[in-house]
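Below is one structure, written out as structure tokens, with a few remarks after it.
The values are calculated or read from the model by the stated rules, or taken from the named source; none is laboratory data. From a predicted model like this one, the values you see are computed outputs, not experimental measurements. Here the Cβ positions follow ideal geometry from the backbone for every residue, glycine too, while neighbour counts run over all protein chains shown. Keep in mind that these areas ignore ligands, DNA and RNA; they rest on the heavy atoms of the full protein, side chains included. Shrake-Rupley method; radii C 1.70, N 1.55, O 1.52, S 1.80 Å.
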Amino acid sequence: GMGDDIVTGGLSPINPTLGWDQPLEVGLYAVARNAWYQSLMAEQQQQSGNIDSPSKQVFDAAMNMCMISPSEQDRYVLAAGSALGRAGLWSECLDLATEPASISTYGPSITAAAMLACIESARYNEAIDAFDYFMSGSQSVASEWQWSGGNITAVEPICRDLALTAMGNVSRGGYSKDARHMFDVIMEEGIPLSCDGLIGLMRSLENDGKWKEAVELLDRFVASNFNVAEGKKWRIVPNVVQLQKDGINDDLLASEAEVSHVLEEMLASAMRVCNSEGQFGLAAVLCTIVNKTCFSSSGYVDATNNDGDAILGAIAAMLQKNTIFEAYTHSLYGLGCKRIAERLINNREDVDTKRIVQIPKRLRQNLPMAESWIGAVRSIDYLLEAKSVIQLEPGDLCPESSFLFERGLVRAMEYCNDSNQPTAALYLFHHAARTLLPNEDQHLTDRFKSFFGMGKQADQNPREEIFTSDDSLDFSGIELSDSMMATIIGAYIKMGRPDQALSTYSNAISQVESPRLMRQSSSNILEVLLEIDAGKYVNSLDDRISIPATFITIAKHLADNGVWHEIGEVYNQARRAGCISEELGFIAMQAVNESELVEGKIVVCRNIAKDVSNTIGVSQDEWIKSRYWNIKRYVGYHYARLLMNWNDHSTSKKSELIFAINEMRSCSNQGALTKNAPLMFIAQQGDLYSTGLSDRERRSIVNLILEACVEANRSNLLQKHTFTAQVALSLRTLNANTECIKIVRGLVARVGRCHHQVAMEEAIYAATEERDYDSLEVITNKYEESGYDSTRLHL
């Protein structure tokens with residue numbers, strides 16, 4: 001047989017602690033490698049029959065070592081499995097463990113040791129198969145193993161925990177359902193869970209794209225380990241070995257540092273799956289909330305730089321973890337905050353940017369919604385700070401404080417909706433709304449679990465059940481303002497869940513004394529009702545609960561669908577309800593213009609103008625003049641000029657030009673910005689007077705266009721390519737090549753790409769005709785730098 005030095009690896013069993021940096025596993029690894037080498041040599045010398053398999057030698061060594069401390073036998077057996085896995089001998093270990101005689105020799109823990117060997121060798125599918133094999137009584141061999149002394153009850157907790165670890169490491173996924181079932185059983189039985197097992201559960205959800213379940217698991221983990229009394233915390237142990245002990249006391253539970261590590265891994269995993277499923281705002285909100293809840297630090301830095309950009313997340317404690325930083329940066333890209341994301345990346349020297357730059361280019365851009373998201377982050381941070389202060393105060397919120405907190409919550413949610421992140425808005429409500437509840441009603445917070453459509457309302461299982469699937473939202477006993485309910489409904493509509501929006505509205509409206517108290521919510525729900533059956537809703541419209549926005553929403557829906565003949569009745573209902581508005585008046589005028597009415601259209605339009613002007617306290621003619629350009633956009637030039645009493649068609653264009661000039665100069669004299677419409681109209685004059693002009697008249701129109709450009713520069717209209725295109729075309733038509741070149745040279749002098757394609761093309765033609773080669777070179781170079789092809793121009 002073997003000498004004692006081979007049996008024990010030359011180590012005394014004085015420290016049975018598991019771990020690759022501990023002498024027990026190092027020694028057994030040495031035994032494994034030595035046994036494997038001896039087996040290889042014997043095989044080459046055709047003497048394999050005289051030597052035990054490496055797995056048996058390692059397990060025998062472990063059993064001999066634990067003779068001094070038999071109570072630690074399970075640790076030694078697990079250490080043997082770990083050593084065999086690290087030595088790459090997982091298959092031999094598995095073969096030995098499935099032999100019926102092994103259970104009586106090495107004890108039930110050999111099953112867990114075999115799974116651990118597979119995990120250490122990154123053979124996760126084999127570890128899961130081993131779990132199924134050992135835990136299934138339907139297998140004939142497994143039954144034989146059980147009759148030989150296998151005790152499922154003794155080994156199932158540790159094997160189940162190892163199975164969770166293995167399931168989370170199968171990147172192709174497919175195990176989230178089984179992992180969730182195991183977790184439910186663990187919660188029901190009150191068995192502790194290892195750090196790796198909990199992380200494995202979260203990663204199994206990530207691998208299957210189960211973002212809703214991942215978010216809820218994270219939410220409950222944070223609530224159970226960072227927000228409650230000691231006695232209610234989840235019982236988490238550092239490693240699976242602790243699961244073999246009966247009556248685990250607090251000394252054996254995971255330390256704060258170990259629980260914090262689990263939190264970091266779970267947060268990063270939840271953020272990744274949210275990002276992969278397009279829930280970028282939700283991922284960022286999770287980071288902010290966890291950061292605030294667990295570390296009490298701000299979620300962003302409002303460090304304004306020369307470009308006026310706010311740098312988000314620069315000092316957040318959670319962002320010091322690279323995996324979380326990568327996920328947060330991905331979220332920023334998805335939210336259209338490219339500039340902020342790249343500045344954060346440039347400020348970090350220790351992060352691996354290779355993973356970040358793998359983000360598709362279509363996600364790496366600056367989008368208009370970025371500003372809304374910056375507003376959301378600021379509002380969320382203020383909201384969470386207020387929540388923290390409120391939770392430190394004894395007693396319930398006073399009405400004024402409750403109102404202010406709810407208003408802050410609504411603002412943050414509205415920013416999320418404006419950023420096209422409605423799920424983030426609903427999660428924020430789920431997280432923060434419980435602060436509004438009186439202490440005696442804190443049990444009602446479970447109702448908010450259904451913000452994702454996952455909360456059970458009846459027949460609750462007494463165990464802590466996280467993964468549920470009901471879709472109703474119950475507001476019984478909860479008083480929410482109209483603005484809060486309207487924001488929630490708006491979020492559901494943006495999510496494409498009209499059924500949930502209707503359910504929420506119906507549930508909430510039943511809790512108030514009068515529907516008039518929910519006017520804003522009633523208006524928001526219109527979008528859903530109109531899509532379902534517009535005619536039915538219009539006919540049953542209750543004037544008592546309507547507001548101007550109600551009728552505007554209906555009129556817009558009918559106009560978008562070309563149902564012009566019904567807009568008149570909507571307008572009349574609004575008139576009876578005292579809900580006339582300018583926007584509704586414009587739509588009603590447009591409906592008149594589109595109607596089949598042969599005569600009297602202008603009379604109806606004047607009556608509408610009279611109604612609207614009365615609501616704001618001005619005369620009819622004054623209102624028409626002040627809103628001329630809006631009226632023209634809705635009803636066209638013909639009826640707009642008749643409302644202005646420009647009845648002579650031959651002179652009406654001149655009257656309109658004089659009107660535009662007077663408005664432009666009046667605004668200029670008062671230091672006010674001129675509206676875009678009159679400036680655009682003046683810029684079009686080259687097309688309107690292209691022929692039959694004297695030199696003096698032509699020069700006068702050119703000067704008007706240049707004057708309009710000066711005013712447009714004050715309002716940034718000059719930066720819009722539609723305006724500059726019209727200016728360049730008009731100047732070219734009026735033979736004002738020099739002026740055209742001067743305007744465009746001012747545009748191309750700016751740094752970066754120039755989007756004024758048409759204006760540059762016209763200036764290139766003008767410079768060619770004027771033989772202004774310097775300008776031709778400057779403008780052509782910018783044209784090419786901006787991505788346009790000058791060879792296609794007819795020069």
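Structure note, pairs K654/K782; K177/K387; K601/K675; K494/K610; K632/K654: Cα-Cα distances above 26 angstrom occur for K654/K782; K177/K387; K601/K675; K494/K610.
Between S194 and V237, the built amide H atoms are under 5 Å apart, and every one of these is 5 or more places off in sequence or on another chain. Once all protein chains are placed together, C754 keeps about 10 Å² accessible to a 1.4 angstrom probe.
Straightening the chain between R750 and E188 buys 195.7 nm, computed as 0.36 nm per residue apart minus the Cα-Cα spacing.
With all protein chains in place and a 1.4 Å probe, the accessible surface of segment 655-795 carries 48 percent carbon and sulfur. Annotation: extensible slack from E777 through Q757 equals 5.6 nm (criterion: 0.36 nm per residue apart, minus Cα-Cα distance).
Ranked highest first by average number of other Cβ atoms within 10 Å, how do 722-735, 780-793 line up? Before the final figure, lay out each step's value.
Values: 722-735: 22.3, 780-793: 13.7.
Put in order of decreasing packing, that is 722-735, 780-793.
When the Cα positions of Q620, V635, M664 are compared along the charge dipole of segment 607-706, M664 comes out farthest toward the positive end, with charges on each C-beta of Lys, Arg, Asp and Glu.
At 1.4 Å probe size, with no ligands or nucleic acids counted, give the accessible surface of E707 in Å², nearest ten. About 60 Å², rounded to the nearest 10. Take the Cα of E582, step 7 Å toward its Cβ, do the same at F226, and the gap between the two points is 4.7 nm. Scalar couplings 3J(HN,Hα) for segment 636-649, obtained by applying the Karplus form with A = 6.51, B = -1.76, C = 1.60 to θ = phi - 60°, are x, 5, 4, 6, 5, 5, 5, 5, 7, 6, 8, 7, 7, 4 Hz; x denotes Gly and Pro.
For D129 and I602 in the same chain, what is the full-extension length gain: residue separation times 0.36 nm, less their Cα-Cα distance, in nm? Show your work: numbers first, answer last.
Working: separation 473, 0.36 × 473 = 170.28 nm, distance 8.08 nm.
Extending this stretch completely gives an extra 162.2 nm.
When each of the peptides 561-568, 674-681, 322-329 is scored by how many other beta carbons lie within 10 Å of its residues on average, the order from highest to lowest is 322-329, 674-681, 561-568. What separates the Cα centres of segment 739-795 and segment 189-220 is a distance of 59 Å.
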